[in-house]
Amino acid sequence: MTLSLSLAEARRLALAAQGFGRTPRGAIAHRQLQAQIERLGVLQIDSVNALVRSHYLPAFSRLGHYQAEHLDELAWGRARRRRLFEYWGHEASLLPLELYPLLRWRMRRAADGQGIYSQLAKFGVERRDAIDAVLQTVRERGALGAGSLSTRTEKAGPWWDWSTEKMALEWLFAAGLVTVAGRRGFERLYDLPERVIPADVLNHADLDEAEAQRRLLLRSADALGVATERDLRDYYRLGVSDSKRRIAELVEAGELLPVTVQDWRQTAYCRGEPRIPRRVRHSSLLSPFDSLIWERERTERLFGFRYRLEIYTPQAKRVYGYYVLPFLHHERLLARVDLRSERAVGRLAVHAVHLEEAVLSEEARLALGDSLRALAQWLGLDEVWLAPSVSLRGLLG
């Protein structure tokens, strides 16, 4: 018999799986931060720095005030601290090291020109000379950024107008022949995997594609709580045919349980019979690239919250703002807050607050004010500034 969940139960299951409602007391240590990232299984990296780089926000949204330097150490620090690596997980991502063997198949496919941008695949066929030369340079000189290798003299254009050396590094990265050793500012520094990835991880026995994909889908199910095939597939960006075959195999093996969710058209899946919390009490602002909400159709199904990025929308056509963070209060998304870190003047600027309902309850309003103050403090900003257009009375007390 197929298990049935109400929409409220599905929301609580998803929130608990994502680590909400368990804010620890006291200072956040490396191990707590690492455990939270391993629970999520992936942190999406994005270049926009209007507030803070996006990969730092999910842990703050769940744990509260932690030292961002600890995340840097887990991602790009010395070998004894390093627990994460960069690769294409859900877009450009930081991932737990134990997932490295699960993504080798993707690297092999990339080397064959599959699953990567067509321009990059074409480059991999036509410019083996450049690829081999760049790989040899990395082998001889160690961790390098694209800027230090570039031989171009003309000014770079937008988007795909990369230098030859940058294209070579990106192809090598996708194919797993180099990896990210660190960052200089936001620039990747590439090195050979054997100088970055621990030997026991790098030398892990190869998994066939089907087994690796099954394990990735199980990680997705753990992180999402309850999810449709599309949700599970999207978490690590698997292909449609691969995902459907692997999910069918996992259902047959009893490792995924089909579930019906109120008002969802598609069958959902859980890892065994779910343990649903009675309630989830948590308030926080969410990165636009948070794994709770990055699949926009799922966000709408779970929360009745239609969310779209407007970063690339012309200013005159924006509805909510440039860098808008949803506000989670307990089990609902109640507002959209357009935020900016104005570092030069030491303030967190609130350009707009758009409510999902006509009025916020006093509890929710106080929680939003507390969330803004906590975010400013974590970012090292002295104050929270409200734009004159923000008419939410008493937001900051």
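Quick notes on this structure:
- Candidate aspartates and glutamates - alpha carbon under 20 Å from Lys244, same-chain residues fewer than 8 apart omitted: Asp208, Glu209, Glu211, Asp222, Glu229, Asp231, Asp234, Glu252, Glu255, Glu295, Glu297
- The distance between label points at Ala27 and Arg78 comes to 1.8 nm (points 7 Å beyond Cα on the Cα→Cβ vector).
- Computed E for Arg278/Ala344 - FRET, C-beta separation, R0 45 angstrom, nearest 0.05: 0.45
- Taking the charge dipole of the range 1-145 about its Cα centre, with +1 at Lys and Arg Cβ atoms and -1 at Asp and Glu Cβ atoms, the residue from Asn49, Ala111, Leu33 reaching farthest to the positive side is Leu33.
- Every Cα-Cα pair in the chain was counted, and those over 30 Å apart are 45% of them.
- Whole-angstrom gap from the range 1-41 to the range 246-288, using each part's C-alpha centre: 12
- For Thr2, the solvent-accessible surface with a 1.4 Å probe is about 70 Å², rounded to the nearest 10.
- Residues whose amide H lies under 5 Å from that of Gly142, counting only those 5 or more places away or on a different chain, are absent; hydrogens are built 1.01 Å from N in the peptide plane.
- Shape category assigned to the range 278-384 from the gyration tensor of Cα positions, a/c cut at 1.5: oblate
- Extension gain, Leu355 to Phe186: 0.36 nm times the residue separation minus the Cα-Cα distance gives 57.5 nm.
- Fraction of the pair-distance distribution of the range 116-197 above 16 Å, Cα-Cα pairs, percent: 48
- Residues Lys244, Lys317, Lys166, ordered by accessible area of protein heavy atoms at a 1.4 angstrom probe radius and largest first, appear as Lys317, Lys244, Lys166.
- Multiplying the residue separation of Gln262 and Glu98 by 0.36 nm and subtracting their alpha-carbon distance yields 55.5 nm.
- Placing pseudo-labels 7 Å out from each Cα toward the beta carbon at Glu252 and Arg332 gives an inter-label distance of 4.5 nm.
- Extreme residue, positive dipole direction of the range 308-386, given options Ser371, Val319, Leu334 (C-beta unit charges): Val319
- Contact order normalised by residue count of the range 116-197, Cα under 8 Å, 6+ apart, percent: 34
- Distance (nanometres) between label positions extended 7 Å along Cα→Cβ at Glu126 and His204: 3.6
- As a length-normalised measure over Cα pairs under 8 Å and 6 or more apart, the relative contact order of the chain settles at 17 percent.
- Set the Cα radius of gyration of the range 112-254 against 2.2 N^0.38 Å, with N its number of residues, and you get 1.27.
- If you take the Cα centroid of the range 63-115 and the Cα centroid of the range 181-195, the two points sit 12 Å apart.
- Long-range Cα-Cα pairs in the range 1-128 (distance over 17 Å), rounded percent: 67
The values are calculated or read from the model by the stated rules, or taken from the named source; none is laboratory data. In this text, all values refer to a predicted model and were calculated from it rather than measured experimentally. FYI the Cβ positions are ideal-geometry reconstructions off the backbone, even for glycines, and counts take in every protein chain you see. With ligands, DNA and RNA removed, areas are computed over all heavy atoms of the protein, side chains included. Shrake-Rupley method; radii C 1.70, N 1.55, O 1.52, S 1.80 Å.
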